[in-house]
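**Student:** Once you've had a glance at the structure underneath, I'll fire off some questions.
The numbers here are math on the coordinates, done by the rules we state, and not lab data. In this text, all values refer to a predicted model and were calculated from it rather than measured experimentally. Every residue, glycine among them, receives a Cβ derived from its backbone with ideal geometry; neighbour counts consider all protein chains shown.
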Amino acid sequence: MNDIRTAHTSLNPVRSGLGATRPGNAAGTHGVIGISIVQRVARAVIWAWVVINVFFMIWVVVASLKESSDIFSRTEVFALPIHPQWQNYSDAWVNSEIGLAMLNTVIVVGISSVLVVAISAPAAYALARFPNRSASALSGLFAIGMGIPLPAIVLPLYIAYVQVGLINTLVGLGILYVATEIPFTVFLLTGYFRSLPFELEEAAAMDGSSIMRTLRDIMLPLAKPGILTALILNVVFLWNETALVLYFIQDDTKFTLGRALLNLGTSATYTSAWGSMMAGSVIVVAPVIVLYIILGKQVVEGLTLGSGK
């Protein structure tokens, strides 16, 4: 009986002292504490950024309903006006042609975002499922494309567009949108396709299914969360785009929302119509916020699942 107790004690890490403090365990504990501190700091920074953005959003919405002379009053920063100035929204929509700019934006951004995803999804699937030296090189090129600054390519693009007659056209602007967003979208979807299981593809290949049929009938439905995430992110990015419109569009009737809002701000500088400018800002930002409120969960799930590998 004593032998049994002795053996039980020797196998129990707490009683035998095998689980006592070790240098490795102490180092691991310090590592966990360090990670915990970093996480807390990161969360604090993120929440501070969220609070700042919410503060400015509320201020802009409230300011859009005020008289221009009351917007910068220190005593009534968040005070709702007794008589809301809905006329600010009417002025921004009609006088600044934001209505036409929104129509242009919906058309160009919608078509461009769909084309970007339609082109990027097969490319990302090929890079993720057929790894070789060429695929690695192409992946590197897409990653490099994400880091090329826009000012470095504006002049060559402008010269090329003048020669082919695409300056000041929505078609030319859409082509630029597609070209500039493909690197990011391919990079995003490549990681997502790599996180999907291979078993279904192997079963389809054994049944004689072609690569394109496997992609269409099996992989694209499985990748629906990632594709939806890529589509939403492209819509958000392009909805707020201003630089390309500033360079390549001069006709007022072809302005998108970013350029129309820029003109509205310039006009407010000389006319002090700050209420209309704030109303225009709300009109521009509201659709994106509504879109993210409705589909934000899908975006987070798509990004989370895509980071599996």
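**Student:** Going by the alpha-carbon gyration tensor, a ≥ b ≥ c the square roots of its eigenvalues, is region 55-194 rounded (a/c under 1.5) or, if a/c is not under 1.5, prolate (a/b greater than b/c) versus oblate?
**Tutor:** Prolate, since a/c reaches 1.5 and a/b exceeds b/c.
**Student:** Order 197-203, 241-247, 230-236 from most to least packed using the mean count of other Cβ atoms within 10 Å.
**Tutor:** Top to bottom by mean Cβ count within 10 Å: 230-236, 241-247, 197-203.
**Student:** Compute the Rg to Rh ratio over region 193-309 from the alpha carbon atoms, using the Kirkwood formula for Rh, and round to two decimal places.
**Tutor:** 1.21
**Student:** Okay, next question. Please list, short to long, the whole-number percent of alpha-carbon pairs of region 87-306 in consecutive 10 angstrom bins beginning at zero.
**Tutor:** 8, 27, 30, 21, 10, 3, 1, 0
**Student:** For each of V45, V116, V108, V288, count neighbouring Cβ atoms within 10 Å of the residue's Cβ, then give the residues from fewest to most.
**Tutor:** Result, fewest neighbours first: V45, V288, V108, V116.
**Student:** Report, as a whole number in µm² per second, the diffusion coefficient that Stokes-Einstein gives for region 163-244 at 4 °C and 1.567 mPa s using the Kirkwood radius over alpha carbon pairs.
**Tutor:** Here the translational diffusion coefficient equals 86 µm²/s.
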